[in-house]
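Everything on this sheet refers to the single structure shown next.
The values are calculated or read from the model by the stated rules, or taken from the named source; none is laboratory data. Computed from a predicted model, the values in this text were never measured in an experiment. Note that we place each Cβ from the backbone using ideal geometry, even for glycine, and neighbour counts take in every protein chain shown. Ligands, DNA and RNA are excluded from the accessible area calculation, which covers all protein heavy atoms including side chains. Shrake-Rupley method; radii C 1.70, N 1.55, O 1.52, S 1.80 Å.
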Amino acid sequence: MSDESIPRIALGSWAFAFGPFAADPWSFDRLCGYAAAVGYDGVEINGFRPHPHDEDFTEADCARLRDRLTERGLGVSAYAPDFRSTPPADVPAADYLARIESVLAFCGRLGIPMLRVDSVSPPGPVDRDRLGHLADTWRRAADRCADAGVRMVWEFEPGFWLNRPSEVQELIHTVAHPNLTVLFDTSHAYAGAVAGARHGADPELLAGGAAEYARLLAPYVGHLHVIDGDGSLHNGETSAHLPFGTGEIDLDEVIGALGRSALDLDWWTVDFCFCPTTERDAATAVPFVRALADRARVSGATR
């Protein structure tokens with residue numbers, strides 16, 4: 001991207017399917033209509049039913065979905081599929097890679113450039129054998145994604161295994177594959193760096209908070225989820241995602257710490273997961289995030 005460009009803004013579709021929306025989730029088509037109406041450039045597809053699940057979509061289904069998105073002027077920033085049946089540290093690599101093949105077929109049909117993954121398993125101690133198996137599995141998956149022209153990004157968060165700053169860095173260094181980068185979620189980073197959320201009895205805090213976490217991971221960041229937070233957890237599991245201005249994150253500081261790693265991204269995704277006021281607050285988030293990105297560019301966050 002040029003120095004004068006700022007990323008396009010996407011809305012994560014899971015915000016209207018999980019948590020307070022789980023009992024009556026919005027259809028994906030309704031979500032897309034809302035996103036277009038309030039000014040988003042695109043959507044990030046939640047691959048959990050009833051939103052598009054790769055195993056449900058034929059080539060013809062994908063063509064219809066692609067046309068519908070085009071009609072609304074929406075792009076797709078990434079796909080976040082359901083990997084619950086294949087936790088990568090705990091199943092044979094062949095099983096995980098078979099799941100990857102289905103996901104990549106879906107991405108290819110829709111022209112989706114990025115695949116979001118997580119460790120799936122709950123937090124717990126680092127077992128060296130499991131870590132090695134996960135790293136090998138993801139290295140092979142990253143290879144396959146690269147062959148398909150899809151970038152693979154790992155979203156670390158309090159609710160999943162390997163959620164401490166040192167663990168996140170260790171896994172990235174262990175996988176050591178150019179096609180596996182970090183998805184930096186501002187709320188998850190704050191919960192990890194400031195609150196030590198789900199770190200156990202000896203939390204690993206960073207003196208510089210989420211901004212320090214951003215500086216540590218900036219060389220490895222391949223995607224961004226931006227949202228406010230205060231270090232609290234939703235249902236004791238993963239970080240609460242709060243409307244902008246209601247949490248404790250200094251987003252200008254965090255984006256400044258990410259520098260060019262944030263500004264050179266094609267997309268920033270707004271993540272209102274588990275937020276009950278999403279329908280109201282996701283609309284006002286569009287100008288807020290555009291202004292945040294513009295301030296970062298103008299202020300010279302160009303590292």
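Could you go through region 148-164 and let me know if any residue there is open to solvent by 10 Å² or more (accessible area, probe 1.4 Å), in contact with a helix residue (DSSP H, G or I) (Cβ under 6 Å, 6 or more places away or on another chain) and closer than 26 Å to T58 by Cβ.
The answer is yes, given that some residue of region 148-164 is open to solvent by 10 Å² or more (accessible area, probe 1.4 Å), in contact with a helix residue (DSSP H, G or I) (Cβ under 6 Å, 6 or more places away or on another chain) and closer than 26 Å to T58 by Cβ.
Kindly indicate whether P219 is touching a residue at least 12 places away in the same chain (Cβ under 8 Å) and farther than 20 Å from R164 by Cβ.
no
Could you count how many residues in region 143-185 are under 15 Å from the mean Cα position of the chain (by Cα) and in a helix (DSSP H, G or I)?
Residues meeting the conditions: 1.
Enumerate the pairs (first residue in region 47-67 and under 19 Å from I100 (Cβ atoms); second residue anywhere and surrounded by fewer than 18 Cβ atoms within 10 Å (Cβ to Cβ) and polar (S, T, N, Q)) with beta-carbon separation below 6 Å, excluding pairs fewer than 6 apart on the same chain, so at least 6 apart or on different chains.
Here the result reads D54/S102; E55/S102, each pair linking region 47-67 to a residue that is surrounded by fewer than 18 Cβ atoms within 10 Å (Cβ to Cβ) and polar (S, T, N, Q).
Look through P125, P88 and report the one residue that is within 23 Å of S239 (Cα to Cα) and either assigned to a helix (DSSP H, G or I) or in contact with a helix residue (DSSP H, G or I) (Cβ under 6 Å, 6 or more places away or on another chain) (or both).
Only one candidate passes the filter, namely P88.
Test of understanding: among L233, L224, L205, L216, which residue is within 30 Å of P25 (Cα to Cα) and surrounded by fewer than 22 Cβ atoms within 10 Å (Cβ to Cβ)?
None of the others qualify; the one that does is L233.
Residues are listed down the side, and each one gets a yes or a no for (1) outside any helix (DSSP H, G or I); (2) closer than 22 Å to Y213 by Cα; (3) open to solvent by less than 10 Å² (accessible area, probe 1.4 Å):
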{"residue": "A262", "(1), (2), (3)": "no, yes, yes"}
{"residue": "T269", "(1), (2), (3)": "yes, yes, yes"}
{"residue": "F274", "(1), (2), (3)": "yes, no, no"}
{"residue": "D281", "(1), (2), (3)": "no, no, no"}
{"residue": "A293", "(1), (2), (3)": "no, yes, yes"}
{"residue": "R297", "(1), (2), (3)": "no, yes, no"}
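Which number in (1) touching a Cys at 6+ places or on another chain (Cβ under 7 Å); (2) open to solvent by 30 Å² or more (accessible area, probe 1.4 Å) marks the one condition that R144 misses?
All conditions are met except number (1).
Look through region 17-43, keep the residues that are within 18 Å of N235 (Cβ to Cβ) and in a helix (DSSP H, G or I), and return whichever of them is nearest to the chain's Cα centre (by Cα).
G19
Only one residue in V126, V117, V175 is under 19 Å from G47 (Cα atoms) and either modelled with pLDDT of 95 or more or open to solvent by less than 10 Å² (accessible area, probe 1.4 Å) (or both). Which one?
V117
If you check G192, G247, G200, which single one turns out to be over 22 Å from V117 (Cα atoms), open to solvent by less than 40 Å² (accessible area, probe 1.4 Å) and either in contact with a Lys or Arg (Cβ under 8 Å, 6 or more places away or on another chain) or not hydrophobic (A, V, I, L, M, F, W, C) (or both)?
The match here is G247.
Quick test for you: out of S119, S77, pick the one residue that is out of contact with any helix residue (DSSP H, G or I) (no Cβ under 7 Å at 6 or more places or on another chain) and outside any helix (DSSP H, G or I).
On inspection, the qualifying residue turns out to be S77.
Residue check, F48 against (1) closer than 23 Å to S239 by Cα; (2) more than 19 Å from the chain's Cα centre (by Cα); (3) not charged (D, E, K, R), all met but one. Which one?
It is condition (2) that F48 fails.
Of all residues in region 76-109, which are of a type in the set (G, A, S) and out of contact with any Asp or Glu (no Cβ under 6 Å at 6 or more places or on another chain)?
Residues satisfying the conditions are A80, S85, A89, A93, A94, A98, A105, G108.
Can you tell me which residue among E101, E71 is touching a residue at least 12 places away in the same chain (Cβ under 8 Å), more than 17 Å from the chain's Cα centre (by Cα), open to solvent by 60 Å² or more (accessible area, probe 1.4 Å) and over 25 Å from A240 (Cβ atoms)?
Sole residue among the options that is touching a residue at least 12 places away in the same chain (Cβ under 8 Å), more than 17 Å from the chain's Cα centre (by Cα), open to solvent by 60 Å² or more (accessible area, probe 1.4 Å) and over 25 Å from A240 (Cβ atoms): E101.
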